[in-house]
Structures are given as C-alpha cells and as structure tokens.
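A quick write-up on the structure given underneath.
The values are calculated or read from the model by the stated rules, or taken from the named source; none is laboratory data. Quantities reported herein were computed from a predicted structural model and do not represent experimental measurements. All Cβ positions, even for glycine, are placed from backbone atoms using ideal geometry, and neighbour counts span all protein chains on display.
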Amino acid sequence: MAYKTGDREQKTFLPPVIDDYVSREDPVRVYDTFVNALDFQELGIPIEQCRAGAHEYYPREMLKLFIYGYSYGIRSSRKLERACHHNLSFIWLTGGLKPDYRTISRFRSKHKKAINKVLKQCVRMCIELDLIEGNTLFVDGSAFRGNASIKNTWTKERCEKRLKKVDDEIDRLLEEAERIDQVEENQESLIKIKEELQDKEELEKKIKEIAATLKELSRRSHNTTDSGCVKVKSRQGTHAGYNVQIVVDKKHGLIVHGEASSRSQDANQFSEQVTKASSALGKKPEIVSSDSGYHSLEDLEKVDEDITIVMPSQKQAQKEHGHSLGEFDKERFRHDPDKDEYICPAGKRLKYIRHNNVKGSKQYKAKGSECRGCRHFGVCTKSRNGRTVSRLDQEELMEQLESIYQSPEGQEIYKLRGQKAELPFGHMKRNLGAGQFMLRGRAKANAEVSILSTCFNISRMITLIGIPTLILKLNGA
C-alpha cells in the first residue's frame, strides 16, 4: 500500500486568483456581501474616496475581518492577524491584506460606537427579508464574565472593613515611629517606617476614592479594573462581569436587540428592553414574554398598555418548581372588590385598616375575637389581634398578569420563550467560546454584544435561506 505525501516544491498549489481560494457557496461570501450592504455613513464611519496623507486600511475590510472572525470564535487581535496570514477564507475576505494586531485593535477601539450600530442595520435587513415579524418578542438575560478579576470589585462593606484595617496599621506605624524617635538613633529603621506609613496613607486615599465613587454612582459594587463590571453569578460561581440582555423575535428566533447591562439582576430591566427593541423594529410588539426574574410591578407599569405581557409571578414560578401553596397562604384569601375586603378560607372577613406608604400596600385585618374562636387559630395565625394580609397598589396588574400567564395561549407562548430566547446564549458561549468579554468598559462590551448578535443572525439567515439566495437578496437582486 502506497502512502500519500505532500510536495512543498510543487509548482502549482493555490489558484492564480485570490477569488478562487473559496468556493461560490462558502459562508465567507455571505459575510462579505453583508458588510458591503451596510450603510457606513449611518454607522458613523465616513468613507472618503480621495484623501491626502498616509494610507490606511479600508474600513469595510476591517469590519469584515471582525464580524467573520467573531463568527468562528476568533476574537483576539493577534489571532485575527495570524488568520490573515494562514487562513484562506480570511485571505480571500481581506483580498490578501495583512493588518497587524495593533491596527486591528485600534480599529475596534476607535469605532466601538459604530460597531454597536451594526445589529440595528442587520435587524432592518432581516425585516426586509421577511425573517423578523416583530409581533411577539422574548426577553432574556445571561451572565458573561468581564475582562477583570472579582478581587478588584469593591463594595461599601469591603471599603469600611479595609479602611478600619488600614487605620489600625497607620496608628501602629505612628506609635512605632514615635518610639524609635525617642529611644533610638537608627535613622534607617525610621526612614523605612515612614516609607511604609506613606504607602498606607496612599492606600487609604484610594479606598476613600472608591467609596466616594460607590456613593456617587449609587451602586452596590465597583470594579477598579473595569468600572462597568458588576458581580454576576453563574454555574461556575461569582465573577466580575456583565448581565447581557437580548430580545428575540418569535418567527425564527433572530435577535432584535442586545446589550451588556451593568445591573446584576434582570429585575427592572424589562420595560427598557422592550422600548429599545421597539426602536430597532420601528414599531411596538403585540406580545412580549420573559421569565419571572423580570417580575417587578413598578417596572411593568411602564410598558405600553397595548402590549400583552406573558410572565409568571415569583409564586407561580415557585409553584412550577414544586413549591406548593399552604392552606392559609394569602392566595387562598378572596378579595371582595365591592366592599374592599378579604374573605379567608373559613369565611371570615378582613377589613381595610390602613395604607402602608413605604411598601405601597393596603393592610386588611380580621377581628381578634373571630380569629381566636376559629378552629384554625394557631395554624392560620397565632396573633390574638387577628390575621392580617396586605394588598399591593399594583395588585390588579399582578392578577391580570397571572391570569394571562395561566391561559392556554400564555402557556404556549411561554413554552416557546425557552426555545427561542436561550438558544442565542448557547451559541455565543458554547459554539463561539464567547462567555467572557475581550474588552474592558461597557461601551466596548456593547460593541462585542452587537457583533456576537449579528453573527448569530447571519448564521440563522444562512440556515433559513441558503448561501446563494441570501447573497443575491443582500445584493438587492
């Protein structure tokens, strides 16, 4: 049996024309056509045909390099430089150009705001191709690590604890310096202590600055390496990172909006995401769905009344996870809107007594004598003054949301949410290896989210339409 071997001295290896390096149905041609179809004036990257001065790389070619590189999990500027030398599809994409990693890195940093707008134009293309309807949207969030260590994340408690420790060390050094000054003449020891004292005073100054920043920004934590990072929790533990928010369309699961949030929790972000998604679509959606992590009645009140929200309450979510209601939980009590009273499971009435302005709720209380004489006394309540329940100011909204979620239509939509909204995160983290941001700062993290979301959309477009047809449609044919 003969072996196949290569011959480095062969006369012909690559085609004489770079355009023949890849086939006509190679995915790289889609990325090339997609970037050519972008409006660079709208992105904020003006392309001047004739200009004086030193030559620079064509912005379209540089953006092609980034989007195509991210689509295959190549995000480092040094790895992108290497790909331009050794990977045929990258050589074809750039037309044989070989920018160094500094040029690549500077372009990404300089045009982060423009890159952040790429997703919006991608969504517009998807609408024109009838791939996005915008009628039903799904909102979801996921923790992404930042390019910073959790050790550099400071909280108010950590600042206070560290300041106390530094103050104690400064007091100790001052006492030591005074003792040496009085008893000994060893100048070297005294100088060493004074240098150490100066270091501690500088550290104290930095910690106080961090504490002042926390107070000024009204944030629970601050990372000194990346100020946009917050504490995020994932299956791998607690890290410094961002809470990435995406809004996905129901029809084909394409991403409508994506951003890196500096808030560790999903709560109070729902209305903001709906507003930004509506702006990207150019219209309001009819239905928006998310999980119970976004359930905040104050925030949900901000959503337009014309939009139907499909979202379980915290108790509905707990019930689905096996947490059953108790016999005398508040949900077992029935509200009588005509008399504004609650009726307990035993038929006793709880009357309105006061309004709690701090918590935004009404208080209802049963007669103590009726509760003490009830056979359920000691189980329902142990208070001799009678059982008390609260009704939120937005209780009607909550009941309405719970009713929508429990309806057959709501259940069907919520089931789709898990299929549509969680897929993009799996693609980004597993297929593209993008579970951690390469860049520091929220603006740069947003640019990365925009590229990753665009890569996901292009990948779906290729699957749905096919490479040749998609290229024709992007070219306006």
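In segment 373-404, the residue that is farthest from H355 (Cα to Cα) out of those that are in a loop (DSSP other than H, G, I, E, B) and at pLDDT below 85 is Q394.
Out of V389, V358, report the one residue that is surrounded by 14 or more Cβ atoms within 10 Å (Cβ to Cβ), closer than 30 Å to M311 by Cα and aliphatic (A, V, I, L, M).
Numbers: V358 fails: surrounded by 14 or more Cβ atoms within 10 Å (Cβ to Cβ).
Exactly one residue qualifies, and that residue is V389.
Of all the residues in segment 421-477, those that are small (G, A, S) and in a helix (DSSP H, G or I) number 8. Restricting attention to segment 348-380, and to residues there that are free of Cβ contacts under 8 Å to residues at least 12 places away in the same chain and closer than 25 Å to L392 by Cβ, which single residue is farthest from the chain's Cα centre (by Cα)? That would be R354. The criterion of at least 1 residues that are modelled with pLDDT of 85 or more and β-branched (V, I, T) is met, among helices (runs of 4 or more DSSP H) falling completely within segment 259-366, by 270-281. Counting only helices (runs of 4 or more DSSP H) that sit completely within segment 21-134, those holding 3 or more residues that are free of Cβ contacts under 8 Å to residues at least 12 places away in the same chain and over 28 Å from D249 (Cβ atoms) correspond to 77-86. Might you let me know whether segment 422-444 holds any residue that is in contact with a strand residue (DSSP E or B) (Cβ under 9 Å, 6 or more places away or on another chain), farther than 30 Å from I150 by Cα, crowded, with 19+ Cβ neighbours inside 10 Å and touching a residue at least 24 places away in the same chain (Cβ under 8 Å)? Within segment 422-444, none of the residues are in contact with a strand residue (DSSP E or B) (Cβ under 9 Å, 6 or more places away or on another chain), farther than 30 Å from I150 by Cα, crowded, with 19+ Cβ neighbours inside 10 Å and touching a residue at least 24 places away in the same chain (Cβ under 8 Å).
Based on what the data block shows, is T469 among the polar types (S, T, N, Q) and either more than 29 Å from the chain's Cα centre (by Cα) or crowded, with 16+ Cβ neighbours inside 10 Å (or both)?
Details: among the polar types (S, T, N, Q): yes; either more than 29 Å from the chain's Cα centre (by Cα) or crowded, with 16+ Cβ neighbours inside 10 Å (or both): yes.
Considered against the rule, which asks whether it is among the polar types (S, T, N, Q) and either more than 29 Å from the chain's Cα centre (by Cα) or crowded, with 16+ Cβ neighbours inside 10 Å (or both), T469 comes out as yes.
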